[in-house]
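Structure, as structure tokens:
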Amino acid sequence: MASKDSSSEEQEPQGNEGGTENRELRELGFLLDVPLQVSVELGRSRVLIKDLLQMREGSVVELDKLAGEPLEVYVNSHLIARGEAVVVDDKIGLRLTDVVSPSERLEKLK
């Protein structure tokens, strides 16, 4: 019986941690279904209206990033991460290589 008591004592902290996480999720649960706009930026360019009007299929738009530079991930127009393009089952994906810390994200909101 002593072994059961010690094992139940070991399990209690895990249960408490899970309980804390569950409580936090319940408190923030109303936010979990809020839709966010996520966009991945390959690069940017400035073009004149006359050049824009002359674009056709096959036209090339030069971007400000170099090949191999990380792509930027924005959520609701706020930079949250950088990553590299990957192919997943014939679809394009993004492997995150750098995530902006929560404190940096909050600082940018000010």
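Points worth noting:
- Count of the range 8-60 residues which are at pLDDT below 75 and acidic (Asp, Glu): 6
Let's see how each residue does on (1) assigned to a loop (DSSP other than H, G, I, E, B); (2) closer than 23 Å to Gly93 by Cβ:
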| residue | (1), (2) |
| --- | --- |
| Arg26 | no, no |
| Val40 | no, yes |
| Gly43 | yes, yes |
| Leu52 | no, no |
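- Residues of the range 88-110 satisfying the condition of being within 19 Å of Ser77 (Cα to Cα) and in a loop (DSSP other than H, G, I, E, B): Val100, Ser101, Lys110
- Residues of the range 82-100 that are more than 11 Å from the chain's Cα centre (by Cα) and either not aliphatic (A, V, I, L, M) or not assigned by TED's automatic domain parsing to the domain that holds Val40 (or both): Glu84, Asp89, Asp90, Lys91, Gly93.
- Some residue of the range 48-64 being surrounded by 10 or more Cβ atoms within 10 Å (Cβ to Cβ), hydrophobic (A, V, I, L, M, F, W, C) and touching a residue at least 12 places away in the same chain (Cβ under 8 Å): yes
- Counted residues, the range 65-110 - those being among the polar types (S, T, N, Q) and touching a residue at least 40 places away in the same chain (Cβ under 8 Å): 2
The values are calculated or read from the model by the stated rules, or taken from the named source; none is laboratory data. As the structure is a computational prediction, the values presented were derived from the model and not from experiment. Here the Cβ is made from the backbone with ideal geometry for all residues, glycine too, and neighbour counts use every protein chain on show.
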